[in-house]
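Some notes on the structure that comes next.
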């Protein structure tokens, strides 16, 4: 019984370390990429394809999050906001985290192998992009865009998983996701301005100040909405896509209304709750759009 409890605790700690529940952020956009790819071929994704796409996404994100925790360990120990995480507290060892990263990376590669040859060939590239982000805060304030791009490639990856090639139009969705993620990462980074200054880390809030950073995040999200409109037109999507864009725009507006230069107390609601609704509702409406007026 004791061993079972230890195992359950270890699983809980690992899931907390990689913020497994936040997989909801990127996965719906990847699934929309898969649905658009299948729609362009006049077909539907198979359950097998969808399963391996989900496995690949979970493996990729788990590897990326764990690498980020390893790379930022010393900073996490010094930052009061992150000092209670598993690695700084010693609940998990660096060796365990490294082994978990290798296993999660292998899961991504195996999933890509199960999908098609191009997905397999590009899987190391995806891992390189995901791991690179963990070190960007040390030398550039553009790290938010790198994080956004790391998640933003997911729709293109899903398209490749379905079709074995890439339609250039999918880069529009990649750019939209990049700006969405980068924008809310700018918001989240506003909490760490003082620590970033003391630790010598780089961020948009540190470089421009919190007030200007909030304006930059809003601009990023406005451009995201414009890109979604462009994408809907490019694919000739039906009315559910347009409802989805309106819902996403409204939620982004609400998200920004929660955060002010001198009041970041509602940051967790803006970051976690609202963005979770954005991704799920985007999948709901755009998924529905792929089933209406199919070519």
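The values are calculated or read from the model by the stated rules, or taken from the named source; none is laboratory data. Note that the coordinates shown come from a computational prediction; the quantities given were computed from them, not determined experimentally. Cβ atoms come from the backbone with ideal geometry, glycine included; neighbour counts cover every protein chain shown.
Assorted remarks:
- Criterion violated by residue 83 - all others in (1) within 20 Å of the chain's Cα centre (by Cα); (2) under 22 Å from residue 268 (Cβ atoms) satisfied: (1)
- Here residue 249 passes the criteria (1) in contact (Cβ under 8 Å) with a residue 40 or more places away in the chain; (2) surrounded by fewer than 18 Cβ atoms within 10 Å (Cβ to Cβ); (3) touching a helix residue (DSSP H, G or I) at 6+ places or on another chain (Cβ under 8 Å) except the one numbered (1).
- In segment 90-105 there is at least one residue matching the filter, namely being at pLDDT 95 or above, in contact with a helix residue (DSSP H, G or I) (Cβ under 6 Å, 6 or more places away or on another chain) and within 25 Å of residue 165 (Cβ to Cβ).
- Counted as qualifying within segment 58-162 are the helices (runs of 4 or more DSSP H) with 3 or more residues that are buried (at least 17 other Cβ atoms within 10 Å of the Cβ), namely 86-89, 94-115, 117-136, 143-152.
- Test: residue 213 is within 18 Å of residue 29 (Cα to Cα) and free of Cβ contacts under 8 Å to residues at least 60 places away in the same chain: no
- Only one entry of 5, 15, 50 meets the criterion of being modelled with pLDDT of 90 or more and either assigned to a helix (DSSP H, G or I) or in contact with a strand residue (DSSP E or B) (Cβ under 7 Å, 6 or more places away or on another chain) (or both), and that entry is 50.
- Lone qualifier among 146, 125, 109, 177 - being out of contact with any helix residue (DSSP H, G or I) (no Cβ under 7 Å at 6 or more places or on another chain) and modelled with pLDDT of 95 or more: 125
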